[in-house]
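Participant: Sharing a structure, written as structure tokens. Questions coming.
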Amino acid sequence: MAVKIGVLGLQGAIPEHVKALEKSGAETRIVKRVDHLEGLDGLVLPGGESTTMRRLMDQYQLFDAIKRFAENKPVFGTCAGLILMAKQIEGQKGPHLALMDINVRRNAFGRQVASFEADLKIEGIADHFNGVFIRAPYILDVGPDVDVLSRYEDKIVAAKQGHFLTCAFHPELTDDARFHQYFVKMVEEAQNK
Amino acid sequence: MAQTGTDRVKRGMAEMQKGGVIMDVVNAEQAKIAEDAGAVAVMALERVPSDIRAAGGVARMADPTIVEEVMNAVSIPVMAKCRIGHIVEARVLEAMGVDYIDESEVLTPADDRFHIDKRNFTVPFVCGCRNLGEAARRIGEGASMLRTKGEPGTGNIVEAVKHLRLVNAQIRKIVGMSEDELMTEAKELGAPFDVLLEIKKLGRLPVVNFAAGGVATPADAALMMHLGADGVFVGSGIFKSANPSKYAKAIVEATTHYEDYELIAELSKGLGEPMKGLDMATLTEADRMSLRSE
């Protein structure tokens, strides 16, 4: 049976993730409220504005519900999702969901005029992958349990820690579903455990 | 090699704004209120549209000091408006590093015939439209995002509804047509053929389309989402209301949860006086910003 993966649907590039997940063989559901998490095997935190998503997560107790969900279910965050997952955000008092042992810098490559596409090598996923970086963050440093999956000019732009996966760019904005396939596999493996 | 200013990063930036609210602000303090309320971006202006109406005269790009002040105040994207056809105002805003330029009919057009060729800018543009012909022409010129025009600064949703319904009805028509009918449709709409072909193939516009021009209440914002907008711009509605912070939060939540009517009822309680608003019948043709430059 296909795994069922939710996409946090408060704001951002939601349909693009849904499409990429379905292309990778998963069933999907858009998550706007706590009850939408029920029966899901994994969750994607999409790109968008992290401050907006955080404010909306505080509604309907969604914030705590996602933290509980993440205790044993895989989570994949892209761009704003990466910021939501980080334990430390440079220049900011508290983190958001604090799932991954990573320290991140927001809008790290600059403003929109500096947004770019670049070819990336991603460990275990692809030798060539078109990374679409939009006002993207990057990871400044990682804890000992975090595997670095990709770097762009020495900056960490993709990482994995246990059942958590994250990247600073937007695989959902390309037709290349290999990153999503990798996450779907992580969800399948977690389910078989 | 890294490539900047590609269609994918310019259009992609707008994709990240989907489901969100972009708010007009005139200073750093308002920008902070908007960010704290959950705005996905702010539009830095010298005056909100209703004040532009009241002031009369020629409305131009904002003083760069204001734009800079707003850019320094918030971490969310900052947009700014240039006059239609004003290539230099656009280049100035790009040089300042704004995240998105709105080539906007809210300001007095600098060119009454031609829009800016937006394709060779690194910064992305959003433009207004009232129908699919306008939408497709702007995409053809390189706009990376659209917004239906509505009637800015009126607090009256009627034109916004009219424009969004029309654009979406015209898209449905294109999608339903056979390809050999598209050239004549392109002629009739005044739309580039290639853009119509792309719309037919995708089954939708190739760029994000927000609603703008008259959103004054949380229910107005939810209505535009219900009608198929990807998000909303709120201009005068927020900072002309009695309690801007509360108002802004309510509009953000109503936009996300636009089908949750109990929540919208809750959000709409005790918000205080919304902006007063204008009846379209009281506006002369010269007062209609949405009719400026097609």
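Participant: With only Lys, Arg, Asp and Glu charged, each at its Cβ (+1 for the first two, -1 for the last two), find how big the charge dipole of the protein assembly as shown is about the Cα centre; round to the nearest 20 debye.
Facilitator: Computed charge dipole of the protein assembly as shown: roughly 260 debye.
Participant: Further question: Whole Å is fine, so just give me how far the alpha carbon centre of the range A:69-138 lies from that of the range B:91-121.
Facilitator: 31 Å
Participant: Using a Gaussian network for chain B with springs between C-alpha atoms less than 10 Å apart, which of these wobbles most: B:LYS149, B:LYS162, B:LYS269?
Facilitator: B:LYS269
Participant: Okay, moving on. For chain A, what is the mean residue ellipticity at 222 nm derived from helices alone (per DSSP H run of n ≥ 4: -39500 (n - 2.57); sum divided by total residues; nearest 500 deg cm²/dmol)?
Facilitator: It lands at -7000 deg cm²/dmol.
Participant: No solvent, one uniform scatterer per C-alpha: report log10 I(q)/I(0) for the range B:82-175 via the Debye equation at q = 0.19 1/Å, two decimals.
Facilitator: -0.90
Participant: Taking the Cα centre of chain A as origin and charging only Cβ (+1 Lys, Arg; -1 Asp, Glu), how large is the dipole, in debye to the nearest 20?
Facilitator: It works out to roughly 540 debye.
Participant: Using amide H atoms built 1.01 Å from N in the peptide plane, name the residues 5+ places from B:GLU103, or on other chains, whose amide H lies under 5 Å from its own.
Facilitator: Counting only residues 5 or more places away or on other chains, the set is B:CYS82, B:VAL126.
Participant: Applying 1/(1 + (r/R0)^6) with R0 = 51 Å to the Cβ-Cβ distance of B:ASP180 and A:MET1, what FRET efficiency is obtained, to the nearest 0.05?
Facilitator: 0.70
Participant: Which residues in the range A:115-150 place their backbone N less than 11 Å from a point set 7 Å from the Cα of A:ARG178 along the Cα-to-Cβ direction?
Facilitator: A:120-131
Participant: Out of the range A:6-38, which GluC sites (Glu not before Pro) are coil in DSSP terms and have no more than 13 other C-beta atoms within 10 Å?
Facilitator: Sparse-neighbourhood loop GluC sites (Glu not before Pro): A:GLU38.
Participant: What trypsin sites (Lys or Arg not before Pro) in the range B:75-129 are in a loop by DSSP, with at most 16 other Cβ atoms within 10 Å of the Cβ?
Facilitator: B:ARG113, B:ARG119
Participant: Could you let me know the centre-to-centre spacing of the range A:145-193 and the range A:1-50, using Cα atoms, in angstrom?
Facilitator: If we compute the Cα centre of each part, the gap is 15 Å.
Participant: Sticking with this one: Return a whole-number percent for the relative contact order of the range A:1-64, with Cα pairs under 8 Å and 6 or more residues apart as the contact set.
Facilitator: Taking the mean separation of contacting Cα pairs over the length of the range A:1-64, I get 42 percent.
Participant: Same structure, new question: Within a 10 angstrom radius of the beta carbon, how do B:MET289, A:MET100 rank from fewest other beta carbons to most?
Facilitator: By the 10 Å Cβ count, ascending: B:MET289, A:MET100.
Participant: Still on this structure: Would you mind telling me the antiparallel percentage of the DSSP bridges in the protein assembly as shown, rounded to 5?
Facilitator: Of all bridge pairs located within the protein assembly as shown, approximately 35 percent are antiparallel.
Participant: Shifting gears a bit: I need B:THR122, A:THR166 ordered by Cβ neighbour count within 10 Å, fewest first.
Facilitator: In order of increasing Cβ crowding within 10 Å: B:THR122, A:THR166.
Participant: Using the Karplus curve 6.51 cos²θ - 1.76 cosθ + 1.60 with θ = phi - 60°, work out ³J(HN,Hα) for each residue of the range B:272-282 in order, rounded to whole Hz, and write x for Gly and Pro.
Facilitator: Karplus values, whole Hz, x for Gly and Pro: x, 5, x, 4, 5, x, 10, 7, 4, 5, 8.
Participant: If you don't mind, another one. My understanding is that a pair violates if its Cα-Cα distance is over 26 Å; which of B:LYS10/B:LYS201; B:LYS173/B:LYS249; B:LYS18/B:LYS201; A:LYS121/A:LYS160 do that in this structure?
Facilitator: Cα-Cα > 26 Å for B:LYS173/B:LYS249; rest within.
Participant: 5 Å is the cut-off here: which amide hydrogens, built 1.01 Å from N in the peptide plane, fall below it relative to A:GLN88, excluding neighbours closer than 5 in sequence?
Facilitator: A:ILE102, A:VAL104
Every read-out reported here was derived from the displayed coordinates using simple, explicitly stated rules and does not represent laboratory data. Please read all numbers here as calculations on a predicted model, not as lab measurements. Reconstructed Cβ throughout: ideal geometry from the backbone, glycine too, with neighbour counts over all protein chains shown.
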